[in-house]
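A short reminder: the numbers here are calculations on the coordinates, not readings from a lab. These numbers come from a predicted model, not from an experiment. So basically every Cβ, Gly included, is an ideal-geometry build from the backbone, and we count neighbours across all protein chains shown.
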Amino acid sequence: MLKNLLYLLLTFVSINFVNAQPKLEFEGGNTYDWGKVYPKNNPLKTTVKVWNKGVDTLFIKEVKASCGCTTAPIDRNVIPPGEFATLDISLTVLGYTGPVNKDIRIFANIPNGVDYYFIKTEVVRILTTVNDGFNNYGEILSGVEYKQETKIKNNSNQDIKIHRIENLPDYCKLNIKPGDIFPANGEFNVVATIKPDKIGFFQFSFNIITDISDKQDLYITGWGEVKENK
């Protein structure tokens, strides 16, 4: 009899202990999806309410994003029952193409110690470089011409027209010009001819402005080291 009473007492205490805990809930569920976006939409932002649906105070110990491209500061760390805090989420997508999935971990005084909020999107790039642009020229000699070729792919069903080219250095010449067309669903060979005369490291990055510059800029880079031509 005494054993049964003790068992019932422990069960009652356990149930009340569980019920007396804070309960973390994300308003609208634990996932936010921006859908398809363009690089010019960067950075992606949203706010999320973090509710305490329990009967005890919720203490947020730490908020940690899964990568450096995501920030999620919270406006309060102590949330009484029936109240909420706000996560201010920002996701940088400039370096991404295609699906992006990240998570934000909320460490708190909850049964598992941590809860997760998931964010996702799909970054659409209409123009892409097939082999990452010109990149490394390596060691070259001063006063000597060097050429590199890259392919620019138009992933859309429409022709895209070049309006202008910005930040092109004097020692770099291209085989493209304003008015040229990147054909729909096609590839366009771009050739850069460089002839730097200054000894030492060089780097360039130019921007091709097109019909779709409201959605995406197309940056192409190159670098190397110029040695004296003896």
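Annotation: amide H-H contacts under 5 Å for Gln158 (H modelled 1.01 Å from N, sequence separation of 5 or more, or interchain): Asn185.
How long are the semi-axes of the ellipsoid equivalent to region 114-230, from square roots of 5 times the Cα gyration tensor eigenvalues, in whole Å, largest first? Don't jump to the answer; show the numbers that get you there.
On the way: eigenvalues 190, 83, 26 Å².
After diagonalising the Cα gyration tensor, the semi-axes are 31, 20, 12 Å.
The local environment of Glu83, defined by Cβ-Cβ distances under 11 Å, has a net charge of +3 under the rule Lys, Arg +1 and Asp, Glu -1. Here is the P(r) of region 24-123: all C-alpha pair distances, binned every 5 Å from 0, give 3, 13, 25, 23, 15, 10, 7, 3, 1 in whole percents. Database remark: amide H of Val55 closer than 5 angstrom to the amide H of Gln21, Lys23 (H placed geometrically; neighbours at sequence offset of 5 or more, or on other chains; Pro and chain starts carry no H). Ranking Thr71, Pro43, Asn30 by how far each Cα lies toward the positive end of the dipole of region 24-123 (charges on Cβ) leaves Pro43 at the top. Angle of helix 2-19 to the longest C-alpha principal axis of the chain, folded into 0 to 90 degrees and rounded to 10: 40°.
Residue exposure proxy: Ile162, Ile220, ordered by other Cβ atoms within 10 angstrom of their Cβ from fewest to most, comes out as Ile162, Ile220.
The charge dipole of region 53-103, taken about the Cα centre with unit charges on the Cβ atoms of Lys, Arg (+1) and Asp, Glu (-1), comes to about 120 debye, rounded to the nearest 20. About its Cα centre, the dipole of the chain is roughly 300 debye, where the only charges are +1 on Lys and Arg Cβ and -1 on Asp and Glu Cβ. Only helices enter this figure: runs of n ≥ 4 DSSP H residues, each worth -39500 (n - 2.57), summed and divided by the residues of the chain, yield -2500 deg cm²/dmol at 222 nm to the nearest 500. Measuring against 31 Å, Cα to Cα, the residue pairs Lys120/Lys151; Lys120/Lys177; Lys153/Lys198; Lys161/Lys227 contain Lys120/Lys177; Lys153/Lys198; Lys161/Lys227 as the ones spanning a longer distance.
Each label point was placed 7 Å from the Cα along the Cα-to-Cβ direction; for Asp56 and Tyr38 their separation is 5.2 nm.
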